[in-house]
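> Quick one: this structure, given as structure tokens, is what I'll be asking you about.
The values are calculated or read from the model by the stated rules, or taken from the named source; none is laboratory data. Every value quoted in this text rests on a predicted model; they were computed, and no experiment measured them. Every residue, glycine among them, receives a Cβ derived from its backbone with ideal geometry; neighbour counts consider all protein chains shown. Just the protein is used for accessible areas: all its heavy atoms, side chains included, with ligands, DNA and RNA removed. Shrake-Rupley method; radii C 1.70, N 1.55, O 1.52, S 1.80 Å.
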Amino acid sequence: MQRVSISVTDAPAVQAGVALLVLPWFEGEAQPAGAAAEVDARMGGAIRAVVGRGDFTGRNDDVAVLYPREGEVQAERVLLVGLGPRQQFDAERLRRAAGVAVRQAQRLGAPGLGVVLPVGTGLDAARLAQAAAEGVVLAAWEFRELRTRPREGGPRGDVSSLLLIADGGLDRAALERGARVGEIAARAENLARELAARPSNLATPTYLAGVAEELGHAHGLSVTVLDRAAIEAEGMGGLLAVARGTQEEPRFIILEYSRGGEGVAPLVLVGKGVTFDSGGISLKPAQNMEDMKYDMSGAAAVLGALSAIAELELPVNAVGLIPSSENLPSGTALKPGDVIRTHLGKTVEVVNTDAEGRLLLADALSYARRYRPAAVVDAATLTGACAIALGHHAIGLMGNDDALVASIREAGERTGERCWQLPLWDEYRPQLDSEVADLKNTGGRPAGTITAGLFLKEFASDYPWAHLDIAGTAYRDEVPPYLRKGPTGVPTRLLVEWVRTRAGVA
């Protein structure tokens, strides 16, 4: 995994000896100010000339590269990056600008960035540094481990260092705190992207369990892995039913982090870990089925989030639960019409074997009761209907506790992993009624995302619970500049931000 070393300075920007000095610029502002004014003066008005001619406007993602003469500034190049209108500025605009800067640096073969942080924006120093660090670290990642040669048209070089430059009296200590949070959260999301990018012949349930154990050793997490025999002894009928059609062994992975004090109720994160989803007997269409390696994106996000929570040493108790299996057709596979008994004891008529993720999650949500949790949040690529309803820009959010749902949505706004709440009204519940069991595993096409949430709610009645349907956001073709086509790592940073808020340190 590509790593970016991050440091902070309050020295003048003209003294930054970096390969690429990045000056964010607001749209419609004709005159340079602050660090940009000093750089412009040293460069004989070069910035004012570019802006005055209209060659650079400051619109979102707009760029201009300037080349200082020897002795003017210590940077090899100067990059103007547009932030859009000042009144619309937020952390996401800065993340985008940082991502644009990384793409330019890679094109130019510039390994070191110096980013001047904008002032007078309404964001405090820590949030500015966090957003810039996230944008750079996320943008610097690329999945290359299975290539035998560099891809044609790829970057001339990697970005390996980031210097955050305080301007206008920003507090250096706050910048350092924010940069550390941003770096750790973004690295955790990159871990999730890496796990999701690996093909399913490598990233099996057993492999995910091994990653969890490695993270446990690295970060002081307690890790327990239940094999098939232990899953059977636990009575996890949903997970076992999904695993019936595959030769790959299922795993139920438990990660525990304890820094919140003895007896303090934990926060529980649950991630769907279907490492490949063919649909089972209810087989999916062949087109784009290769993308179903991403069906473990919820599990990847939980692994990343627990690693970041531990590395940040947050004063909380937290638990990660990952039910993991493949979903394949075979002579032993789960069939439409079968009735299974879940960990909670409720019976489920399986009318569509491609609605398998909720069967795994049902067992995990039931298992979570033993922790008497303060709150439970699950993340899953659960329904294609969510991508139809919300596209690829919003996570579907549901839950049984208004305060919890609101806090999740606020964390999503801060991280740029935005959520939109869908109703779990009782009027939808009859769609799950079964003639032969307690409920069916799908309520049909109408309101498919909502009825999937209502199914999960049946197993999460003893605690505050929220559900994140990431089917439209876990992997994408069109992405902001700090991401790449493919796995996004969503909602890793959202989960970390939410836990930080609950810990009182956000």
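> Among the residues of the range 335-351, are any closer than 20 Å to D227 by Cβ, open to solvent by 10 Å² or more (accessible area, probe 1.4 Å) and either among the hydrophobic types (A, V, I, L, M, F, W, C) or within 21 Å of the chain's Cα centre (by Cα) (or both)?
yes
> Here is a follow-up. Condition first: open to solvent by 40 Å² or more (accessible area, probe 1.4 Å), in contact (Cβ under 8 Å) with a residue 24 or more places away in the chain and more than 24 Å from R96 (Cα to Cα). Now tell me which residues in the range 24-51 satisfy that.
E38, R42, G44
> Of everything in the range 240-260, what is open to solvent by less than 40 Å² (accessible area, probe 1.4 Å), part of a loop (DSSP other than H, G, I, E, B) and within 28 Å of V316 (Cβ to Cβ)? Give them in sequence order.
G260
Condition check ((1) within 28 Å of the chain's Cα centre (by Cα); (2) surrounded by fewer than 21 Cβ atoms within 10 Å (Cβ to Cβ); (3) within 28 Å of K335 (Cα to Cα)) across all residues:
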{"residue": "A387", "(1), (2), (3)": "yes, yes, yes"}
{"residue": "D401", "(1), (2), (3)": "yes, yes, no"}
{"residue": "S407", "(1), (2), (3)": "yes, yes, no"}
{"residue": "G412", "(1), (2), (3)": "yes, no, no"}
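> From the set of residues in the range 156-193 that are among the polar types (S, T, N, Q) and not in a helix (DSSP H, G or I), which is surrounded by the most Cβ atoms within 10 Å (Cβ to Cβ)? Before you say what the answer is, go through the steps one by one.
Of the residues in the range 156-193, the ones among the polar types (S, T, N, Q) are 160-161, 190.
Next, only the ones that are not in a helix (DSSP H, G or I) stay: 160-161.
Details: S160: 14, S161: 16.
The residue in question is S161.
> Filter the range 274-312 down to the residues that are more than 23 Å from V351 (Cβ to Cβ) and outside any helix (DSSP H, G or I), then identify the one that is most open to solvent (accessible area, probe 1.4 Å).
Q287
> When the range 7-23 is examined, which residues are found to be part of a strand (DSSP E or B), among the β-branched types (V, I, T) and surrounded by fewer than 23 Cβ atoms within 10 Å (Cβ to Cβ)?
Pass one, the range 7-23, residues part of a strand (DSSP E or B): 7-9, 20-23.
Okay, now just the ones that are also among the β-branched types (V, I, T), so 8-9, 22.
Once the filter is applied, which keeps residues that are part of a strand (DSSP E or B), among the β-branched types (V, I, T) and surrounded by fewer than 23 Cβ atoms within 10 Å (Cβ to Cβ), the range 7-23 yields only T9.
> Also, quick follow-up: Within the set of pairs 6 or more residues apart or between chains, which connect a residue that is closer than 26 Å to D469 by Cβ inside the range 301-315 to a residue that is of a type in the set (F, W, Y) and outside any helix (DSSP H, G or I) with Cβ atoms less than 6 Å apart?
Going by the 6 Å Cβ cut-off, the qualifying pairs are I309/Y257.
> Can I ask one more? Being farther than 23 Å from Q130 by Cβ and of a type outside the set (S, T, Y) narrows it down to one of E189, E256, so name that one.
Working: E189 fails: farther than 23 Å from Q130 by Cβ.
Being farther than 23 Å from Q130 by Cβ and of a type outside the set (S, T, Y) holds for just one of E189, E256, which is E256.
> Only one residue in G320, G357 is buried (at least 24 other Cβ atoms within 10 Å of the Cβ) and more than 16 Å from V242 (Cα to Cα). Which one?
G320
> Same structure, new question: For the range 194-239, which positions are farther than 22 Å from E290 by Cβ and not in a helix (DSSP H, G or I)?
Taking the range 194-239 and keeping what is farther than 22 Å from E290 by Cβ, we get 209-210, 212-239.
Once the filter is applied, which keeps residues that are farther than 22 Å from E290 by Cβ and not in a helix (DSSP H, G or I), the range 194-239 yields G220, L221, S222, V223, T224, V225, L226, D227, G235, M236.
> Go through the range 92-125 and give me each residue that's among the small types (G, A, S), open to solvent by less than 30 Å² (accessible area, probe 1.4 Å) and either under 17 Å from A35 (Cα atoms) or assigned to a helix (DSSP H, G or I) (or both). Please lay out each step first, then the result.
To start, the set of residues in the range 92-125 that are among the small types (G, A, S) comprises 97-99, 101, 105, 109-110, 112, 114, 120, 122, 125.
With open to solvent by less than 30 Å² (accessible area, probe 1.4 Å) added as a condition, the list becomes 97-99, 101, 105, 110, 112, 114, 125.
Passing the criteria: A97, A98, G99, A101, A105, G114, A125.
> Now for a separate question. Restricting the search to the range 128-154, which residues are surrounded by fewer than 24 Cβ atoms within 10 Å (Cβ to Cβ) and in contact with a Leu (Cβ under 9 Å, 6 or more places away or on another chain)? Reasoning before the result, please.
Step one: filter the range 128-154 for residues surrounded by fewer than 24 Cβ atoms within 10 Å (Cβ to Cβ), giving 142-154.
The answer is L146, and nothing else.
> Got a number for residues in the range 352-375 being in contact with a His (Cβ under 9 Å, 6 or more places away or on another chain) and of a type outside the set (S, T, N, Q)? Walk me through it before giving the result.
In the first step, residues of the range 352-375 are kept if they are in contact with a His (Cβ under 9 Å, 6 or more places away or on another chain); the result is 361-367.
Applying the additional criterion that residues be of a type outside the set (S, T, N, Q) yields 361-365, 367.
So the answer is 6.
> Sticking with this one: Could you look through the range 422-481, keep only residues that are among the basic types (K, R) and more than 22 Å from the chain's Cα centre (by Cα), and pick out the one that is surrounded by the most Cβ atoms within 10 Å (Cβ to Cβ)? Step through it out loud before you land on a result.
Residues of the range 422-481 among the basic types (K, R): 429, 440, 445, 457, 476.
Going one step further and asking which of them are more than 22 Å from the chain's Cα centre (by Cα), we end up with 429, 440, 445, 457.
Numbers: R429: 17, K440: 22, R445: 10, K457: 17.
Only one residue fits best here, namely K440.
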